[in-house]
Every structure is written in C-alpha cells, then in structure tokens.
1. If you scan region 51-64, which residues turn out to be in a loop (DSSP other than H, G, I, E, B) and open to solvent by 90 Å² or more (accessible area, probe 1.4 Å)?
2. Do we find that SER71 is hydroxyl-bearing (Ser, Thr, Tyr), at pLDDT below 80 and open to solvent by less than 70 Å² (accessible area, probe 1.4 Å) in this structure?
3. Under 8 Å between Cβ atoms, at least 6 apart or on separate chains: pull out the pairs that start in region 140-167 with a residue that is closer than 16 Å to THR27 by Cβ and open to solvent by 80 Å² or more (accessible area, probe 1.4 Å) and end on any residue that is modelled with pLDDT of 70 or more and part of a helix (DSSP H, G or I).
4. Among the residues of region 74-102 satisfying the criterion of being touching a Pro at 6+ places or on another chain (Cβ under 9 Å) and more than 10 Å from MET124 (Cα to Cα), which is surrounded by the most Cβ atoms within 10 Å (Cβ to Cβ)?
5. Would you please name the residue that is most open to solvent (accessible area, probe 1.4 Å), looking only at residues in region 422-437 that are in a strand (DSSP E or B) and more than 15 Å from GLY410 (Cα to Cα)?
6. Looking at THR268, THR321 in this structure, which one is over 22 Å from ARG415 (Cβ atoms), at pLDDT 90 or above and surrounded by fewer than 19 Cβ atoms within 10 Å (Cβ to Cβ)?
Amino acid sequence: MGMRPLERFGSIRAKLGSVIVLAVALTLLVSYLVIGFALRNSPKDSEAIDALALARTAANGQLGSIPAGSSIVTRSPSGTITIQGATFSVNPPNFEDAVPHWGVVGRITYASVPTPDGGWVTAMQPSPSRGTLGRVSATLGFLQSVWWQFLLAGVVAGVISLLIARWLARGMTQPLRDMAAAVRRMEVGDYTARVDSHSRDEVGQLATAFNRMSAELELLERSRRDLVANVSHELKTPITAIRAHLENLADGIEQPDRETMQVMLNQTERLGRLVDQLLDLSKLESGEVPLQLEPMALSPAIDQVLSEFSVGRAVTDVSLTADVPEDLAVEADRERIHQVLFNLVDNAVRFTPPGGGVTIRAWREDDRVQVEVHDTGVGVAPEHLSRLFERFYRADPARSRDDGGGTGIGLAIARSIVEGHGGRITAASQPGNGATFTFDLPAAHAAVPASDRRTAP
C-alpha cells in the first residue's frame, strides 16, 4: 500500500499547516464561485448603457457600423420596421411617449430612443446573464473581470492561515515533542522525565497518561533494583555462613560435630524458605496458581494457626486470642488463607514484646467478611505503612533477619493472595500502640461441610 499524502510530511506541524491551507483554499474557491454567481447580474447596467448609447448614435444618424451580435430596429412614424444587424426571435416593445426606455426581454437587452421625425430606434444586444448557460457564462465573466482582486485576497488569506496554523501547531504539538524527548531518555534507563501540559484536549490527556506511565515505570525500575539488591543480600548471607563453616572444616579449625552441622542445616533451610517464598510470590502475582475456592468455616482455620504458634514456637510470653463467630464462613482457598493468617500472625508475634498479645477478630459486612489481626507491639511509623506490603521492605532496616526480622516477603504474599480473592489488605498503626492488619474475603453462600465446623484442637 502506497503512502497517504499526509504521511509524506515529516512533522505534525507540517501536516496541520497543509491541511489548514488546503481547507482555506477550498473555502476561498467555493466563496468566489458563490460571490461570482450572486454578482453575475452586476454588469447588466453597463449593458443597458451600451445599448442606449448605440441607440442614440443610430437615432442621430451617426452610426457607421453595427457591432457584431447587435441589432438596430428602426420604426418610422408610419409604422414601418427596418432591422439591421443580427436578428432575434423577440421584438422590442412599442412605446407611445417620447422618452428613452431600456430593459431586458428574455436574454436580450434593449434600449429605445425617439427620433426627431417621431419614429423610434431600438438597439438590441444579447445579455449573457440570462438562462442557465447564461448564468454560468455571466459568473465566469464576472470572475474573469475581477480575477486579480480575488487572487490577491486568496494569497493574503493563505499566508495568514499558514502563520496561524504554525503558531497553533507549535502549542498543540509541544507536549508531543516533549514526550518524544522523554522516550529517548527512557531508552537509556532514565524514567524521571515528565511532560508539562495544561491542556484538557486529547493531547493533554495523552500527556497525563504518559506522566502516569513514566511514574509507574520509575517505580517498577526502583522496585526491580531493590529486589535484585535484596535477593542478593538475602542469598549472600546464608551462603557466606555456610562457606565460612565449610572453610573452617576444611582447614581443621572446626570439627564436623553435630552443632556445626545443625548451624549449616539451618542456613540451608533458610535458603530453601527464601527460594520457596520467591517462587510462591512470583506464581501468585502472575496468576499461575489457581485458587481452589470452597466454603470454609473461618473459626477452625484461625484456631489451627494459633495452635501451630502455641505448640511449635516459644511464644508463651505473648498471648494469642481469637474472637470469631462459629458460624462465620468464607468462600476461599483453604491453604492460601491459612498462609495469609500464618504470615500475619507471624509478623505480629515478631514485633510484639514479652507480655503483649495478638488478637484475631472477624465479622461480616454485607457480602464480605472482614478479618483483623491486632497486636500490642511497637507499632509502625506512618511513613512506612504504604510500603509494608512491598517485597523485602522492612520498617526497621537496622533489625536483621536473624533477629526476628523475617525475609520481608510474607506480607507481599499475603497481599497477592487476598487480592486474588478480590479483596484488599490494609495496615493501620500508631507508634507504640501496636499495629492492625485488616483484609476482607467473600462471604460463603453455600453450606459449610460438617467436618469443617469442628474447632481444631
């Protein structure tokens, strides 16, 4: 397929300017034709004057020759009519008074003047402004008579329209040129470029969308760099510890006793947990893990999570309580919701000092079930709340993973699971007054299996 005419221009300003000039030219052409047609009869007065002058010359006997296409009709006092020159199918009107007359009959312009002997002389000429062909001929004749005035007006109008088009195009296309420059900066990895546009038209909307996209790309790039740095750090720490023990064993500094092997095993398990969590998070965010939705009672699931902490962890100095109605049920994936609850409770226990407590509450609001995990720990500063669910983010960077800081992926996994159920998870906190994590799930409309109503031991 060949190029379209406008595609041959290298800039939008050139395209817009050419379109406006073409539109102005067509407008002027149509205007000239309309004006010429409207004024086509303007020469009829001069035609009548010419016919009257010809008739006076003939009446005075001074006519040497009859102009081509004209006719001289002479009527004597006795009524005899003599025709000289061209012959027309219409006859001039008869007048009884002794004053000149002129007018148009059909397509013939006439002028009659009395003679001294009481007769009449009538000059007749064809009028080009009568009839269909006459109108066209008269229109073209009028345009031909004033062509240079129309040409001058068209040139002036074209130049003015071209200047205005370039001025308007410059303002309209400036955001586009800025976006092109910003894209070139993005090609080399600079996502801080923004486009300044205050217009509310399509170009302004495009600039706004471009700025929003740039901000998202900048955030994604920063998240990518943080992820690489954090993953590298998380992997490097246990690998370094394992390598140090292996070197000590190889040099004979340490003995391959049970304690040394247990330390190395713990570091290996830490690596395994990190890799598993990264794979889980990646699958959840990409939607590769389908959710097995089914009606499930919420109270037994929460009791099971709390029992796991009470039995498998040394949290006897942190009280764990649940306030959940026995008949409250949700439509959810059992294993994934257990993972959410476990991660939230684990996070709460880590940041709750001895003597504190963690409470899980749940209640129904319309077609959703709200679940809340509240602790009496140190709390979270307001500037950290919006980033708690980012991967590897820590509200207290000085706290190491080995000191109970975790891997920093649990909350990110919890958010992905909750959003996969069509819900939303939020965090609220006041420093020194603990933190509260709240998420919602769809309420169950089908009956819950009987085995699921029993509270877990």
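The values are calculated or read from the model by the stated rules, or taken from the named source; none is laboratory data. Keep in mind that what you see is a predicted model, and the values were worked out from it rather than measured. Every residue, glycine as well, gets a Cβ built from its backbone with ideal geometry; the counts of neighbours run over all protein chains shown. SASA here: full protein model, heavy atoms, side chains in, ligands and nucleic acids out. Shrake-Rupley method; radii C 1.70, N 1.55, O 1.52, S 1.80 Å.
1. ASN60, GLN62
2. For SER71, the condition - hydroxyl-bearing (Ser, Thr, Tyr), at pLDDT below 80 and open to solvent by less than 70 Å² (accessible area, probe 1.4 Å) - is not met.
3. ILE164/ILE20
4. Looking at the filtered set, the residue picked out is ARG75.
5. Among those residues, the one meeting the criterion is ALA428.
6. Within the list THR268, THR321, the selection yields THR321.
Condition check ((1) modelled with pLDDT of 85 or more; (2) among the hydrophobic types (A, V, I, L, M, F, W, C)) across all residues:
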site	(1), (2)
VAL159	no, yes
ARG170	no, no
THR173	no, no
VAL183	yes, yes
LEU227	no, yes
GLY252	no, no
